[in-house]
Every structure is written in structure tokens, then in C-alpha cells.
Amino acid sequence: MQKKFELGITTFADVMPDPHTGITISHAERIRQVVDEIVLADELGLDFYGVGEHHRADFAASAPAIILAAAAGKTKHITLGTAVSVLSTTDPIRLYQEFATIDAISHGRSELLVGRGGFTESFPLFGYELSQYEKLFDEHLDLLLQARDNEFVTWQGQTRSGIRHLGIYPRTEKPLSISMALGGSRSTIIKAGKKGLPAVLAVLGGRLPDFAQYGQLYRDTAVQSGHDPGKMKFSVHAHGFVLSDGKEAEETFFPYIAYYRSSLMSGRGLPPYSRYDYDGGRSPEGAIFVGGPQEVADKILLLRKHLGIDRFFIQMPVATMPHDLVLKAIKAYATEVAPRVRAGIQNK
């Protein structure tokens with residue numbers, strides 16, 4: 001039986017000046033907005049909503065588990081996840097406990113998406129050494145999976161104190177769903193495939209067909225490691241924005257993504273984000289999913305064709321957009337894009 005193709009939304013709870021007015025909303029207001037957005041996504045039948053962990057002034061979601069717990073009691077169907085949890089600088093036992101609790105509140109609708117994150121602020125903030133970047137992630141992932149699979153854990157590593165036959169509570173009614181975020185590193189893709197973990201690939205630039213190699217590498221590694229690829233999920237996360245009027249979406253979104261990418265990339269020595277960059281990204285094979293419902297649906301179907309994905313997550317909003325506009329975009333995505341994608345899959 002064919003897997004259900006899932007569609008979701010992710011956010012970092014951005015708190016940035018509006019490029020038109022210069023006004024910056026409070027962290028508190030943005031967090032409340034995110035809960036409202038999750039509730040709407042649930043009501044409209046979307047499959048997943050992910051909140052990403054960051055520790056910067058321009059993002060409000062430093063504690064995604066609490067935001068998701070707030071949404072868990074207000075929603076009925078949608079899977080509530082992270083996008084991502086920075087596992088390298090988080091105690092894996094505590095993380096398991098938090099999401100086991102969300103799983104209980106939501107009747108089994110939690111998903112923990114773990115990764116190394118795109119920023120390093122959490123290392124000095126929580127007292128971790130950046131020189132242990134890889135080792136911290138590997139050891140914390142191992143311990144997290146031990147906690148998922150065993151009520152009593154015995155574990156020894158080099159980055160934290162060992163555990164000797166200690167109970168981890170609360171337990172979930174079924175194994176906690178844990179996925180792994182991929183940033184395009186082949187070694188990380190191989191790691192996810194070897195462990196048999198569902199994977200989410202961030203596609204933030206380039207041509208969509210060029211990413212086919214990543215999906216194939218993931219599935220080949222999983223098969224070689226003895227895992228059933230039919231039981232695994234391979235997903236893509238990308239920036240985008242959709243409205244019923246494609247031209248309105250295109251023109252509305254540019255100032256926000258330009259501000260977002262220029263402000264975040266300037267610290268990495270990259271030039272400002274231009275209209276040329278944007279127009280390339282929104283081309284038929286570009287990696288920005290912006291426009292009308294058919295344009296966005298066609299791109300999602302193109303991704304599925306080349307990468308064999310099971311899920312697609314759109315990061316929306318990018319930067320801090322007016323809340324009513326975000327709600328309008330969520331409605332267009334759920335009621336106009338999703339039916340086109342599912343019809344396109346059924347007709348092939």
C-alpha cells in the first residue's frame with residue numbers, strides 16, 4: 001500500500017523588523033502567534049507542524065517543547081515536532097522526557113527532529129565545547145535512542161557522566177518518533193541511513209533535480225544496513241510562501257526573504273540577497289517554493305519525482321510577516337496546494 005504523502009509547515013518563530021515599517025514585535029507575541037498558526041494548520045488538515053530551536057534575539061523559539069505542549073492540548077490530528085532540536089547541546093534524557101510528555105498530552109502526535117543546528121550560540125550558552133561538535137552529536141544521539149528503546153538505560157561516553165541501569169520516565173505508549181535533520185553532508189545522510197532513522201533534508205538553494213543523489217544515498221545506505229526502506233520517511237524542508245494569487249505571493253514575499261537571508265548571511269561574509277537570487281530560486285527547478293497554488297504544488301511533485309520524498313515541509317513565514325498574512329498563506333497551502341499535490345500523486 002502506498003504511503004500517505006504528508007505536508008507540513010515549520011517555523012523558527014522569527015522576530016525581525018518588518019522591512020516596510022521597521023516595527024519588531026515582542027518574543028511573547030510571536031510565540032502566541034505560533035500557537036495560533038499550529039491550531040489553524042490542524043483545523044485545515046495539514047499533517048505536521050515543526051518549531052525550530054534557536055538561541056538568538058531574532059528567533060523566539062528557544063524552548064520548542066513548551067510551545068508544542070501548549071499546542072498539543074488545542075489540536076486533534078496534526079503531528080507536533082521540532083525543526084530542529086539542537087541535540088549536541090541538549091541533555092538527551094531530558095529531551096526524551098519532554099517529548100514523551102508531549103506525546104502523552106497529544107495522544108501520540110509528537111515527533112522529535114534532531115540535528116546539529118545551523119548556528120553555534122547554544123555551545124557557549126550551555127557550556128559545551130565547539131571542538132566536540134561531532135562527538136557531542138554522536139554520543140547524545142546514541143543516548144537518546146537508548147532512552148527511546150529501553151526503560152532502564154546503561155550508557156557510557158566521553159561528553160557526559162555515564163548512566164548505570166537508571167529508569168527513564170515517562171514512557172510513551174508506542175516508541176517515540178525520532179527523525180534526523182540533514183544539511184547536505186554525505187556523512188550525516190549515511191549516518192541517518194545506517195541507524196534507520198527518518199530523515200529531513202534542508203533544501204535552501206540550488207536546483208531541485210541535483211538533490212536526487214541525497215535521496216538515493218539515504219535509501220541505499222538504509223538497505224545495506226538491513227533496514228526496510230518502506231518503513232522509513234525521507235522528507236524535504238524548504239523556504240516558501242503561497243497565496244491564491246501567485247503574483248501577489250511573489251511580490252509580497254521578496255522583501256521578507258531578502259531581509260532574512262541578507263541579515264543572517266552577512267555574518268558569514270556573503271553578499272546581500274538580491275532580486276536576481278530570488279528570481280533564480282523561484283524558477284521551476286529553483287529551491288524557493290513561492291507563488292500560486294499550482295506553482296508550489298508542481299515544485300513539490302518535482303521534488304517527489306527526483307528524491308522520492310514522503311513528506312514536504314515549507315518554512316512559513318520566513319522573517320516576521322504580518323500574522324493575518326501568515327494565516328492566509330497557511331489556508332492557501334492547506335486548501336489549495338495540498339489537494340493539488342495529492343491529486344498529482346494519485347494520477348501517476
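Before we move on, is Thr101 more than 16 Å from the chain's Cα centre (by Cα), assigned to a helix (DSSP H, G or I), hydroxyl-bearing (Ser, Thr, Tyr) and surrounded by fewer than 19 Cβ atoms within 10 Å (Cβ to Cβ)?
Values: more than 16 Å from the chain's Cα centre (by Cα): yes; assigned to a helix (DSSP H, G or I): yes; hydroxyl-bearing (Ser, Thr, Tyr): yes; surrounded by fewer than 19 Cβ atoms within 10 Å (Cβ to Cβ): yes.
Yes: the conditions hold for Thr101.
Ser185: among the polar types (S, T, N, Q), in contact with a strand residue (DSSP E or B) (Cβ under 6 Å, 6 or more places away or on another chain) and within 27 Å of Ser62 (Cβ to Cβ), yes or no? Full working, then the answer.
Numbers: among the polar types (S, T, N, Q): yes; in contact with a strand residue (DSSP E or B) (Cβ under 6 Å, 6 or more places away or on another chain): no; within 27 Å of Ser62 (Cβ to Cβ): yes.
Judged against the criteria, Ser185 is not a match.
Could you say which residue among Phe254, Phe241 is modelled with pLDDT of 95 or more, part of a strand (DSSP E or B) and hydrophobic (A, V, I, L, M, F, W, C)?
Details: Phe254 fails: part of a strand (DSSP E or B).
Only one candidate qualifies: Phe241.
Yes/no per residue for (1) among the small types (Gly, Ala, Ser); (2) out of contact with any Cys (no Cβ under 8 Å at 6 or more places or on another chain); (3) touching a residue at least 60 places away in the same chain (Cβ under 8 Å):
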{"site": "Ser62", "(1), (2), (3)": "yes, yes, no"}
{"site": "Ala71", "(1), (2), (3)": "yes, yes, no"}
{"site": "Ala83", "(1), (2), (3)": "yes, yes, yes"}
{"site": "Leu87", "(1), (2), (3)": "no, yes, no"}
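Among what's in segment 183-237 and is assigned to a helix (DSSP H, G or I) and charged (D, E, K, R), pick the residue that is surrounded by the fewest Cβ atoms within 10 Å (Cβ to Cβ). Walk me through it before giving the result.
Going through segment 183-237, the residues assigned to a helix (DSSP H, G or I) turn out to be 186-195, 208-224, 229-231.
Among the residues that remain, those that are also charged (D, E, K, R) are: 186, 191, 194-195, 210, 219-220, 231.
Details: Arg186: 13, Lys191: 18, Lys194: 14, Lys195: 17, Asp210: 12, Arg219: 18, Asp220: 13, Lys231: 10.
Here the residue is Lys231.
Tell me which residues, restricted to segment 1-23, are surrounded by 15 or more Cβ atoms within 10 Å (Cβ to Cβ), assigned to a loop (DSSP other than H, G, I, E, B) and at negative phi.
Within segment 1-23, Phe5, Phe12, Val15, Met16, Pro17, Asp18, Pro19 qualify.
Considering only residues of segment 74-91 that are crowded, with 24+ Cβ neighbours inside 10 Å and closer than 25 Å to Ile163 by Cα, which is nearest to the chain's Cα centre (by Cα)?
Once the filter is applied, the top-ranked residue is Ser85.
Name every residue in segment 310-334 that is more than 15 Å from Phe253 (Cα to Cα), among the hydrophobic types (A, V, I, L, M, F, W, C) and crowded, with 22+ Cβ neighbours inside 10 Å, in order of residue number. Break it down stepwise before answering.
Going residue by residue through segment 310-334, those that are more than 15 Å from Phe253 (Cα to Cα) are 310-313, 331, 334.
Okay, now just the ones that are also among the hydrophobic types (A, V, I, L, M, F, W, C), so 312-313, 334.
Listed by number, the residues that qualify are Phe312, Phe313.
Within segment 292-344, which residues are closer than 29 Å to Pro19 by Cα and not in a helix (DSSP H, G or I)? Even if it seems obvious, please write down each step before you answer.
As a first pass, look at segment 292-344 and keep what is closer than 29 Å to Pro19 by Cα: 292-297, 299-300, 312-337.
Hits for segment 292-344 are Gly292, Phe312, Phe313, Ile314, Gln315, Met316, Pro317, Val318, Ala319, Thr320, Met321, Pro322.
The values are calculated or read from the model by the stated rules, or taken from the named source; none is laboratory data. Because the structure is a prediction, the values reported are computed rather than measured. Note: ideal-geometry Cβ built from the backbone for every residue, glycine included; neighbour counts use all protein chains shown.
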